[in-house]
Amino acid sequence: MTTTRKREHFTSRLGFMLAAIGSAIGLGLLWKFPYVIGQNGGGLFLLTYFFCLFVAGVPLFIGEIILGRSTQSAAVRAFDEGASRPSKLVIGGYLGVLSSFLIMSYYSVIAGWGLSYILTSLSGFYTGKSVEQVGQVFEKLSQSGSISILWHGVFTALTMGIVLSGVRKGIEYWSKLLVRVLLVMLVALFLYSTTLPGFAQAVDFIFVPKQGSFTFLSVLTALGLAFMTLSLGQGIMISYGSYVQEGANIVKMSLIVALSVVVVAILAALTIFPVVFTFGFAPDSGPGLVFRTLPVLFAQLPGSMVISFVFFSLFVFTALTSAVPLVEVVATNLMENLNWSRRKATYLVCLATFIFGIPSALSETGVIDGWKTIFGLNFMDTIDQIATVWVIPLAGFFTSIFIGYRMKKTKTKKQFYEGAVSKWGFGIWHFAISIVVPAVILIIIFQTSGLIDFSKLF
């Protein structure tokens, strides 16, 4: 039998928005977004991503915040509190917690590599080194299990320290600080990129729609990326919603968060691609774009030590703003359902994600021999595939169905209009959350599973 625990809340709407923006930005925009644009043709993909973000992503974002605030509960209990009778759709809450756990386990490995590159930058490693020597750093780092595990542990400890402080002193305080620093650093790097010869080519690539390598599968990729960059299907926004005070306008705040994601996405692309085009690298370099390509480019630029340090500091800041809610989601659900203290829950979650993340840190070392031969991907990529391709879409599907059909319209309508000046838009939102969002998620699932190949229908 659990006991009622007094729930913390964000002290202000700005606190919530910066926490949500920090979670949404994360490595998804700085690490994944640029290379996905490169792989899917640039401008046309960007337009599709923005369309998916506002048509499907924002309605689910609003729905998750409504679910959290109306129930004052985290992901799992919110499903029990949000309906008049127990619902099997509570699986959506469990899947959200699972996805956060899985993502954190390898997120901290990637962020740990970023920490390693900060130290590499400060040590002046690039000075006097050839392009080949600089480019070999990541291979050596990823193939060194002990170093990868060390930085994996350091980043996990940093995240744990923030989560232990609670909502106001931890999540809200550090989100306000990190997101502001992050935006200043990103703008500074963007301004530097405007001086590079490849800036005009980057603008053409990013903003001018061209067919190029854009296919129907690119549409599905854009849908998946929209959910990922808004931290949907991970239980994060349900938990954050439960920390939002009554009287705050959820719809207005959600739109501000989405627009902020759009701005940061564009800034990230305009920061990285001018550098890529300036030195003639392929824009579709893949996941290694940050670690393999950019350090080589930094080494050829004046002030490489400073530029590299600023970029990878920004990289780690974005990782922290995403890692904190990932741990918070799992810890909060343990606190609610098992009546654990924040300290006990946070320690256990961080220890568990650290241990489960060790195989990801060893993915490129050859220690887990035969994994790629059997499963087609290394361990880290396998967990990423499970989390982002299957668990998150399924969690989003069950959540949208629950909000659209099991929650009382009177309850969701009250939350939707809370703090609003004008009373319109609820019907459009409810249609989107109950029809549009489940439909697009099913398309993703069917296409990914191979049950239906939609590309052959067009």
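A helix-only calculation puts the chain at -22000 deg cm²/dmol for mean residue ellipticity at 222 nm, using -39500 (n - 2.57) for each DSSP H run of at least four residues, averaged over all residues. The stretch 410-458 has equivalent-ellipsoid semi-axes of 34, 10, 7 Å, by the square roots of 5 times the alpha carbon gyration tensor eigenvalues, sorted largest first. Each principal axis of the stretch 169-227 carries a Cα extent, and these read 48, 33, 10 Å when sorted largest first.
Using only alpha-carbon positions in the stretch 56-121, the gyration tensor eigenvalues give semi-axes of 34, 13, 10 Å once each is multiplied by 5 and square-rooted (largest first). For the listed residue pairs 129/372; 252/414; 32/456, the alpha carbons are over 21 angstrom apart in 129/372; 32/456.
Pairwise Cα separations in the stretch 170-268 fall into 10 Å bins from 0 onward with the following percentages, short to long: 11, 32, 34, 18, 4, 0.
According to the calculation over all Cα-Cα pairs in the stretch 1-111, the P(r) per 10 Å bin from zero is 11, 31, 37, 17, 4, 0 %. Overall shape of the chain was characterised from the C-alpha gyration tensor. The equivalent ellipsoid obtained from it has semi-axes of 34, 25, 22 Å, in decreasing order. Taken over the C-alpha atoms, the stretch 239-302 has Rg and Dmax values of 18.2, 53 angstrom.
Solvent-accessible surface of the chain, averaged per residue with a 1.4 angstrom probe and all protein chains in place: 39 square angstrom. Could you give the size of the charge dipole of the stretch 89-217 about its Cα centre, using +1 on the Cβ of each K and R and -1 on the Cβ of each D and E, expressed in debye and rounded to the nearest 20? Dipole size: approximately 340 debye. Around the Cα centre of the stretch 313-383, unit charges on the Cβ atoms of Lys, Arg, Asp and Glu (plus for the first two, minus for the last two) sum to a dipole of about 280 debye. Note on the chain: with neighbouring protein chains present and a 1.4 Å probe, carbon and sulfur make up 67 percent of its accessible heavy-atom surface. When exposed loop sites are taken as trypsin sites (Lys or Arg not before Pro) in a DSSP loop with at most 10 other Cβ atoms within 10 Å, the longest stretch of the chain clear of them is 7-422. Treating the Cα atoms of the stretch 131-216 as identical point scatterers in vacuum, please give the log10 of the normalised Debye intensity I(q)/I(0) at q = 0.17, 0.20 Å⁻¹, two decimals. Log10 I(q)/I(0), no solvent term: -1.02, -0.98. Peptides 424-435, 98-109, 141-152 ranked from most to least packed, by the mean per-residue count of other Cβ atoms within 10 Å: 98-109, 141-152, 424-435.
Seen from a random direction on average, the alpha-carbon convex hull of the stretch 221-368 projects onto 12.6 square nanometres. Hydrodynamic analysis of the stretch 67-205 uses the Kirkwood radius over alpha carbon pairs. Inserted into Stokes-Einstein at 10 °C and 1.306 mPa s, it gives a translational diffusion coefficient of 82 µm²/s. Principal-axis analysis of the Cα atoms of the chain puts helix 304-338 at an angle of about 30° to the longest axis. For the stretch 374-379, backbone phi angles converted through the Karplus equation (6.51, -1.76, 1.60; θ = phi - 60°) give residue-by-residue couplings of 7, 9, x, 9, 6, 4 Hz, Gly and Pro being listed as x. If you take the alpha carbon atoms of the stretch 340-379 and fit the smallest convex hull around them, that volume is 66 Å³ per residue.
Evaluated at q = 0.23, 0.27 Å⁻¹, the base-10 log of the normalised Debye intensity for the stretch 345-410, with identical point scatterers placed on the Cα atoms, takes the values -0.96, -1.06. Remark: the stretch 47-144 carries a charge dipole of roughly 160 debye about the Cα centre, counting +1 on each Lys and Arg Cβ and -1 on each Asp and Glu Cβ.
The values are calculated or read from the model by the stated rules, or taken from the named source; none is laboratory data. What you see is a predicted model, and the numbers here were worked out from it, not measured in a lab. Counting neighbours? That spans all protein chains shown, and the Cβs are built from the backbone with ideal geometry, glycine included. Remember, those area values only see protein heavy atoms, side chains included, never the ligands or the DNA or RNA. Shrake-Rupley method; radii C 1.70, N 1.55, O 1.52, S 1.80 Å.
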